[in-house]
Amino acid sequence: MSNIMKAAIIQLHCIEDKEENLKKTIGMIEEAASKGAKIMCLQEVFNTLYFPQTMDPKFYDLAEPLDGPTVRAMQEVAKKNEVVIVVPFYEKTDCPGVYYNTAAVVDADGRTLGIYRKSHIPLLPLFYEKFYFKPGNLGYPVFQTAYGNIGVYICYDRHFPEGARILGLKGAELIVIPTATIGSYQYLWEIELPAHAVANGCYVAGINRVGVEGQMNFYGSSFFSNPRGKIIAKASDKESEIVIADLDRSMIKEVRDLWQFFRDRRPETYLEIVQLLP
């Protein structure tokens, strides 16, 4: 395995046409692959508008099963281009009325290695996600892909450091954070994600939507942070865009050896964190 993980952020201005969003994304994946990128990072529910702005049961129809057309299409693209793709989608389960905000991790041979389901579900003005998504029930898996160990956190999850720490402890070299967030939260964007990178000695990719959708103006600005907390590549705040970065594994070891946060943890003193209630 190469010491360099070449990864791509794919930031898209979505429209109402789900198929067109998928088509545009596939084109951007193939463009990134032609430039040597091996890991593709897509935004939250990447092929639909951000529908949780309102509460309307009609949007349940956007959900698909894991073996539905969106993930199958990504499997084909991944296999054809020999790339890893993190595929955030609206998941329909076998249990009627149960839906998740999910990311499938598709390996370079087209196999789906598994899924992560968003754990922290907001209920805020314009973010009525509890109406659509059940909280995730699969913990915080790290996926051993052809090009590196990847953990996934989704949007609102990023405000909670505990899950990111679990991903770091499980060996994540890259934490991917697909997002749909607007300007009033932008000041946190370049604080929280580099902080996760520093705390866990790994790379972090934040992938945000871009453009106006209904009442929301998504600011894009997707970026990669290295394990020292430095932003090494960043997208614009206005355009659909591909950003490619070389992620050097040697820096992960270097930083973890220098800042011994894992060695010096005191988990036996942290029991209160699971006992304290608001």
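The values are calculated or read from the model by the stated rules, or taken from the named source; none is laboratory data. Please read all numbers here as calculations on a predicted model, not as lab measurements. A quick note on method: Cβ atoms are made from the backbone with ideal geometry, for glycine too, and the neighbour counts reach across all protein chains shown.
Filter the stretch 167-209 for residues that are aromatic (Phe, Trp, Tyr) and over 19 Å from residue 246 (Cα atoms); which is surrounded by the fewest Cβ atoms within 10 Å (Cβ to Cβ)?
187
From the list 62, 22, 66, which residue is farther than 28 Å from residue 163 by Cα and either buried (at least 17 other Cβ atoms within 10 Å of the Cβ) or in contact with a Leu (Cβ under 8 Å, 6 or more places away or on another chain) (or both)?
Exactly one of 62, 22, 66 is farther than 28 Å from residue 163 by Cα and either buried (at least 17 other Cβ atoms within 10 Å of the Cβ) or in contact with a Leu (Cβ under 8 Å, 6 or more places away or on another chain) (or both), namely 22.
What are the pairs with Cβ atoms under 6 angstrom where one residue, in the stretch 72-99, is closer than 20 Å to residue 51 by Cβ and the other, located anywhere, is of a type in the set (A, V, I, L, M) and surrounded by fewer than 20 Cβ atoms within 10 Å (Cβ to Cβ)? Sequence gap at least six, or different chains.
90/62
Looking at the stretch 240-278, which of its residues are surrounded by 12 or more Cβ atoms within 10 Å (Cβ to Cβ), of a type in the set (D, E, K, R) and part of a loop (DSSP other than H, G, I, E, B)?
Once the filter is applied, which keeps residues that are surrounded by 12 or more Cβ atoms within 10 Å (Cβ to Cβ), of a type in the set (D, E, K, R) and part of a loop (DSSP other than H, G, I, E, B), the stretch 240-278 yields only 265.
Assuming residue 228 fulfils every condition listed in (1) of a type outside the set (A, V, I, L, M); (2) out of contact with any Ser or Thr (no Cβ under 6 Å at 6 or more places or on another chain); (3) within 28 Å of residue 124 (Cβ to Cβ) apart from one, which condition is it?
Checking residue 228 against (1) of a type outside the set (A, V, I, L, M); (2) out of contact with any Ser or Thr (no Cβ under 6 Å at 6 or more places or on another chain); (3) within 28 Å of residue 124 (Cβ to Cβ), the one that fails is (3).
Hey, among 91, 44, 64, which residue is farther than 20 Å from residue 220 by Cβ and in contact with a helix residue (DSSP H, G or I) (Cβ under 8 Å, 6 or more places away or on another chain)?
64
Tell me, yes or no, whether the stretch 126-142 has at least one residue that is surrounded by fewer than 19 Cβ atoms within 10 Å (Cβ to Cβ), over 16 Å from residue 10 (Cα atoms), within 18 Å of the chain's Cα centre (by Cα) and of a type in the set (S, T, N, Q).
yes
Taking residue 220, is it closer than 29 Å to residue 121 by Cβ, modelled with pLDDT of 95 or more and touching a strand residue (DSSP E or B) at 6+ places or on another chain (Cβ under 7 Å)?
Yes: the conditions hold for residue 220.
I'd like to check something: does the stretch 143-152 contain any residue that is surrounded by 24 or more Cβ atoms within 10 Å (Cβ to Cβ), in contact with a strand residue (DSSP E or B) (Cβ under 7 Å, 6 or more places away or on another chain) and under 16 Å from residue 46 (Cα atoms)?
Within the stretch 143-152, one or more residues are surrounded by 24 or more Cβ atoms within 10 Å (Cβ to Cβ), in contact with a strand residue (DSSP E or B) (Cβ under 7 Å, 6 or more places away or on another chain) and under 16 Å from residue 46 (Cα atoms).
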